[in-house]
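The values are calculated or read from the model by the stated rules, or taken from the named source; none is laboratory data. Everything numeric in this text was worked out from a predicted model, so none of it was measured. Reconstructed Cβ throughout: ideal geometry from the backbone, glycine too, with neighbour counts over all protein chains shown. Remember, those area values only see protein heavy atoms, side chains included, never the ligands or the DNA or RNA. Shrake-Rupley method; radii C 1.70, N 1.55, O 1.52, S 1.80 Å.
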Amino acid sequence: MSDPNRILQGIPASPGIVVGRAQVVTEAAQVSTRLLYSERDVAEEQERFRQAVEQIEAELTRLKNEISEDLKEHVHILELHLVILRDRMLYAETLRLIQEENLNAERALNQAYVKVKELFQRIGDKHIRGRIADVEMVYQRLMGRLTGKDSDKPFSFKEPAIIVARDLSPAETTQMSNVQVLGFITERGGKTSHTAIIAHSLEIPAVVGLDHATLEIKTGDLIILDGITGVVILDPDDSLRRIYQARRADFEIFKSEVVLGSAMVAVTSDGLPTRVMANIEMPEEVALAFKYGADGVGLYRTEFLYLRQRHLPTEEELFQDYKQVVAALAPRVVTIRTLDIGGDKFLSPLEYAPEMNPALGLRAIRFCLKEPKIFRTQLKAILRASAFGQVRIMFPLISSPREMQDGRKLLELVKKELKKDKVPFDAELPVGAMIEVPAAVTLADLLTRYADFFSIGTNDLIQYALAIDRVNQQVADMYQPLHPAVLRMVREVVQAGRQAGISVAMCGEMAGDPLYIPVLLGLGVEEFSMNPMAIPVVKRVIRMTSLERAKEVAQKALLLHTVEEVNDYVTREMDRLFPDIFRFGRPLANKLAK
Ligand code: PEP
Ligand code: MG
């Protein structure tokens, strides 16, 4: 046995504390080292590959149909894997390589996968880049099947245990339940990995990105898993166990208090009502918005339907999708953001044409205005859905009044067509601008004439204002929401909105981090939109904050010169004002940066 109280540090991925025995899940697939095919014939190799695909397809379909109620909203992950299995660049390319390059199935698959991976790595859009992990999981599963090193048996343990694995695929995690699983520890993955997302839904603590976990931890080891701080303690002694049991109890009390207040509107302690809304990407997430007490949807990202299938979505498909969300949330507001995607091909994420600087390329409103047919189809679907509830529309990446004018012009054309065809829609539907480019901040006063509301997209605004690639790990530490330049920009946009009498919301990740809420309130932001899971804690912070105090904090922060000073000041202030939120609340809000 190793020394007691050995501490390992990973990334906190789902909050909660648990003490229990480990169950190490052995690795599924190993890439075959068989390089060149020699003995078998091409047809046989191709057939072996096709059969592997079909078997996995059947397994995923079965899992999809049997998925438990708790995880219903995650069915799309399995659906995405089904699409990837048959994607041209993986499926057809593997068959082609077997045929033309005389490779065995494993080697062909490996080559096809490497090409896809390289392509993805050149894409700037984080949603698409985030799919690399999905392609890899499909690849691993296929490889496991081809090499005979996988097992399709569901996990079963005699006693509930803390699962330790190199990585877990959604197919694996969705088979587990919180009856069997006390917690998850994985070597791979970040806050947005499937393990993190699913652990959150099941309310199971998780630590990911823990290097060598499967080597350090053995099945049967007693461990403490702290999903709040990302700490894992091997072989804890009695006194440490008692400390963590007490911490666990504190956390559970805090969590239940937070959840209790989530259904009510968040009003500051001196009476300012705010709106705390959800960011969603697909209809399945409406359930999460309700569960966590969203006052509406402040950002409905609409890329998913364009990415999950091989053809462009039809107006009817889009309409059904939007209508489902709008009707379910009525009379709450649903803010639908028009397509924020780049490149000239996107029939599948794997067919994306790479650009030198995709973040500065043909994306978002620029793309839509260049492809009016695609844009009009979406606008029509949104307008039709507006007859079923309260819809707002917003255009992403606005950098000039001209783009608002052009976007609105197209919207008017589509309205005319609908009127002519006597199709009902909300004629007063508000049209907003996302403020996420520095040019839009500078022109905010002018843009108020073309927009009915603003929503500040800090994910992009920080990237463009500080010239820090939001998905580049090398500069991740310089991606600083409290940078004085960012604070001044927020102030400028809010002031422009106030003067013109239009509302200013914030829907980037910054809006969902409890640490920033008092500063943002003090700067005048009154509507926040975020990952649904962050809502309860943010509402609690708002309720405990007075606007007067928030203004003082913001004023003081605006006087500081460096981001380090602002960070220090705000962190100290939060720690003083809300010790429990600081200790538990940030991890609980757990920004699942999307
Ligand atoms: C943003 O940029 O802040 C935003 C909300 O949009 P996305 O993250 O989808 O680019
Ligand atoms: Mg953006």
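Listed values, structure above:
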quantity: Per-region count, region 495-516, residues within 16 Å of ligand 1 (Cβ to nearest atom) and either open to solvent by 10 Å² or more (accessible area, probe 1.4 Å) or free of Cβ contacts under 8 Å to residues at least 40 places away in the same chain (or both); calculated: 3
quantity: Which numbered condition M394 misses (of (1) at pLDDT 95 or above; (2) part of a helix (DSSP H, G or I); (3) within 16 Å of ligand 2 (Cβ to nearest atom)); calculated: (2)
quantity: Residue list for region 442-461, filter: more than 11 Å from ligand 2 (Cβ to nearest atom), open to solvent by less than 60 Å² (accessible area, probe 1.4 Å) and in contact with a strand residue (DSSP E or B) (Cβ under 6 Å, 6 or more places away or on another chain); calculated: L447, A451, F453, F454
quantity: Qualifying residue in region 414-427 (condition: in the same structural domain as S386 (by TED's automatic domain parsing), within 16 Å of ligand 2 (Cβ to nearest atom) and loosely packed, with under 14 Cβ neighbours inside 10 Å); calculated: no
quantity: Those residues of region 359-372 which are open to solvent by 30 Å² or more (accessible area, probe 1.4 Å) and in a helix (DSSP H, G or I), in sequence order; calculated: A359, L360, R366, L369, K370, P372
quantity: Every residue from region 521-549 that is crowded, with 24+ Cβ neighbours inside 10 Å and either among the aliphatic types (A, V, I, L, M) or not assigned by TED's automatic domain parsing to the domain that holds D477 (or both); calculated: L521, L523, V525, M530, A534, I535, V537, V538, V541, I542
quantity: Filtered residues of region 442-461 (kept if part of a helix (DSSP H, G or I) and within 13 Å of ligand 1 (Cβ to nearest atom)); calculated: T458, N459, D460, L461
quantity: Selection status of A500, farther than 19 Å from A534 by Cβ, in contact with a Gly (Cβ under 9 Å, 6 or more places away or on another chain) and away from ligand 2 (no atom under 16 Å from the Cβ); calculated: no
quantity: Filter result for R488 (out of contact with any Lys or Arg (no Cβ under 9 Å at 6 or more places or on another chain) and crowded, with 24+ Cβ neighbours inside 10 Å); calculated: no
quantity: Tally, over region 462-493, of residues that are away from ligand 2 (no atom under 16 Å from the Cβ) and part of a helix (DSSP H, G or I); calculated: 12
quantity: Filtered residue count, region 385-409, keeping only those that are touching a Pro at 6+ places or on another chain (Cβ under 8 Å) and either more than 20 Å from I341 (Cα to Cα) or away from ligand 1 (no atom under 16 Å from the Cβ) (or both); calculated: 3
quantity: Residue ranges of helices (runs of 4 or more DSSP H) in region 42-101 with at least 2 members open to solvent by 10 Å² or more (accessible area, probe 1.4 Å), of a type in the set (A, V, I, L, M, F, W, C) and modelled with pLDDT under 90; calculated: 42-66, 75-85
quantity: Residues located in region 215-244, provided they are without any contact (Cβ under 8 Å) to a residue 60 or more places away in the chain and not basic (K, R); calculated: L215, D238, S239, I243
quantity: Condition check for R376: under 12 Å from L339 (Cα atoms), part of a helix (DSSP H, G or I), open to solvent by 10 Å² or more (accessible area, probe 1.4 Å) and of a type in the set (D, E, K, R); calculated: yes
quantity: Single unsatisfied condition, A505 versus (1) on the phi > 0 side of the Ramachandran plot; (2) in contact with a strand residue (DSSP E or B) (Cβ under 8 Å, 6 or more places away or on another chain); (3) not β-branched (V, I, T); calculated: (1)
quantity: Whichever residue in region 186-200 is open to solvent by less than 10 Å² (accessible area, probe 1.4 Å) and of a type in the set (S, T, N, Q) and, among such residues, is nearest to K72 (Cα to Cα); calculated: T195
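Condition check ((1) open to solvent by 70 Å² or more (accessible area, probe 1.4 Å); (2) in contact with a Pro (Cβ under 8 Å, 6 or more places away or on another chain); (3) not assigned by TED's automatic domain parsing to the domain that holds Y322) across all residues:
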{"site": "E252", "(1), (2), (3)": "yes, no, yes"}
{"site": "S269", "(1), (2), (3)": "yes, no, no"}
{"site": "T274", "(1), (2), (3)": "no, no, no"}
{"site": "M277", "(1), (2), (3)": "no, no, no"}
{"site": "I280", "(1), (2), (3)": "no, yes, no"}
{"site": "E284", "(1), (2), (3)": "no, no, no"}
{"site": "L288", "(1), (2), (3)": "no, yes, no"}
{"site": "G293", "(1), (2), (3)": "no, yes, no"}
{"site": "Y306", "(1), (2), (3)": "no, yes, no"}
